[in-house]
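Notes to accompany the following structure.
The values are calculated or read from the model by the stated rules, or taken from the named source; none is laboratory data. Everything numeric in this text was worked out from a predicted model, so none of it was measured. Using ideal geometry, Cβ is built from the backbone for each residue, glycine included, and neighbour counts are taken over all protein chains shown.
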Amino acid sequence: MTYEGVLTKMKTELTDSVQYYLLFEQDFINMNQVINKKLSINFLHYFCLNCKKEKKIFTNGVCYQCFSVLPEMGDWVMRPELSKAHLGIADRDLDYEQKAQLQPHIVYLANSSNVKVGVTRKSQIPTRWIDQGAHEAIEIVEVPNRYLAGITEVALKDHVSDKTNWRKMLTNDLKDLDLAEIKESLKPYIPQEVQEYYLPASKELELKFPVEQYPEKIKTLNLVKNPFYEGVLKGIKGQYLIFEDGVVFNVRKHEGFLVALGIG
C-alpha cells in the first residue's frame with residue numbers, strides 16, 4: 001500500500017506505549033502498526049507548509065522567506081528568555097506573541113540519555129517529552145509567561161545540560177537517575193522572582209516507546225542526499241523512525257518534504 005503526502009511532526013498519544021500517527025491531507029497512518037513491516041520512503045519534492053509553494057525547505061517545514069517573517073519563527077521560540085510580550089513589545093506580531101507567550105509555561109527536567117532542563121507550554125505536556133524521547137520527566141516550576149520560564153532555564157543550564165544526546169537516546173543508552181532529587185538540588189538556583197512558582201509535589205512521569213530493536217550503531221537518513229530508502233521498521237522514539245539496519249529517520253527534520261510511503 002502506498003501513501004502520498006507532506007511530512008509533518010508525528011502526532012502522539014500517551015498510552016501504555018506511546019502511539020504515533022503520520023497525518024497526510026487525505027490519510028493518516030498509525031505508525032505503531034507498521035513496526036516489523038517493510039517501509040519505503042521516496043522524496044518527491046519540497047512543499048512549504050506556509051506559502052504552499054514548491055520551494056526548498058529552510059527549517060520547521062517552511063522556506064527561508066516564510067521563516068524570516070512568520071511570528072512563530074521568532075528568536076523567542078528557541079530562546080524563551082528573549083520573550084517581550086509581557087512588556088507589550090512586539091518581535092514580529094504582538095497579537096500572536098501575546099497569545100503564545102502569555103500562557104502557563106513549565107520548566108522541567110527530562111531524562112532521555114542525560115538529564116536536561118527545558119521549557120514548554122503547559123498545554124504541550126507530555127507531547128514535548130515524547131518528542132524528545134524522554135523515558136522520564138518531572139516539572140520544576142509552572143510560571144505565567146514564557147519570559148519567566150526562559151530566565152529560569154538560563155539559570156539552571158549552568159548546572160544541568162539543556163541539550164539531548166540524541167544518539168544515546170536512540171541506542172537506549174540510559175542512566176538510572178533520580179529526577180526528584182536532582183530537581184530539589186536545583187531549587188536554590190531558580191531566579192528569585194520565580195521561586196514562588198516552584199512545584200514541590202510534582203511527580204515523575206515515565207514513558208514507554210514502541211521499539212522492538214535498538215540500533216548498536218546509527219546511520220542517519222537524509223532525504224536530500226538519499227531521496228529513496230527502504231527498510232524494516234523496528235521502532236519509534238522521539239520523532240525518529242528506527243530501522244532494522246541501524247538507519248534512523250528524523251521525521252520532524254523533514255517537515256515540508258512531500259513523500260510517497262510504501263508499506264508491506
Original post:
Does any residue of region 68-85 turn out to be more than 21 Å from the chain's Cα centre (by Cα), modelled with pLDDT of 95 or more and farther than 20 Å from residue 151 by Cβ?
Top reply: yes
**OP:** Report, by residue number, each residue of region 152-176 that is within 29 Å of residue 234 (Cα to Cα) and either in contact with a Leu (Cβ under 7 Å, 6 or more places away or on another chain) or surrounded by 14 or more Cβ atoms within 10 Å (Cβ to Cβ) (or both).
**Re:** 164, 165, 166, 167, 168, 169, 170, 171, 172, 174
Subject >> Elements of type strands (runs of 3 or more DSSP E) in region 191-264, at least 3 residues being under 24 Å from residue 7 (Cα atoms) and without any contact (Cβ under 8 Å) to a residue 60 or more places away in the chain >> reply: none
Original post:
Considering region 86-111 alone, what residues qualify as being in a helix (DSSP H, G or I) and either polar (S, T, N, Q) or in contact with a Lys or Arg (Cβ under 6 Å, 6 or more places away or on another chain) (or both)?
Top reply: 98, 101
Subject >> Single residue of 47, 58, 24 found to be over 20 Å from residue 243 (Cβ atoms), assigned by TED's automatic domain parsing to the domain that holds residue 253, without any contact (Cβ under 8 Å) to a residue 12 or more places away in the chain and among the hydrophobic types (A, V, I, L, M, F, W, C) >> reply: 58
**OP:** Working only within region 43-85, note down all residues that are within 15 Å of residue 98 (Cα to Cα) and not in a loop (DSSP other than H, G, I, E, B).
**Re:** 71, 72, 73, 75, 76, 77, 80, 81, 82, 85
Subject >> Criterion: closer than 25 Å to residue 231 by Cβ, among the aliphatic types (A, V, I, L, M) and surrounded by fewer than 18 Cβ atoms within 10 Å (Cβ to Cβ) - qualifying residue of 44, 87, 14, 22 >> reply: 44
Original post:
In region 130-147, how many residues are over 22 Å from residue 9 (Cβ atoms), over 17 Å from the mean Cα position of the chain (by Cα) and touching a residue at least 60 places away in the same chain (Cβ under 8 Å)?
Top reply: 3
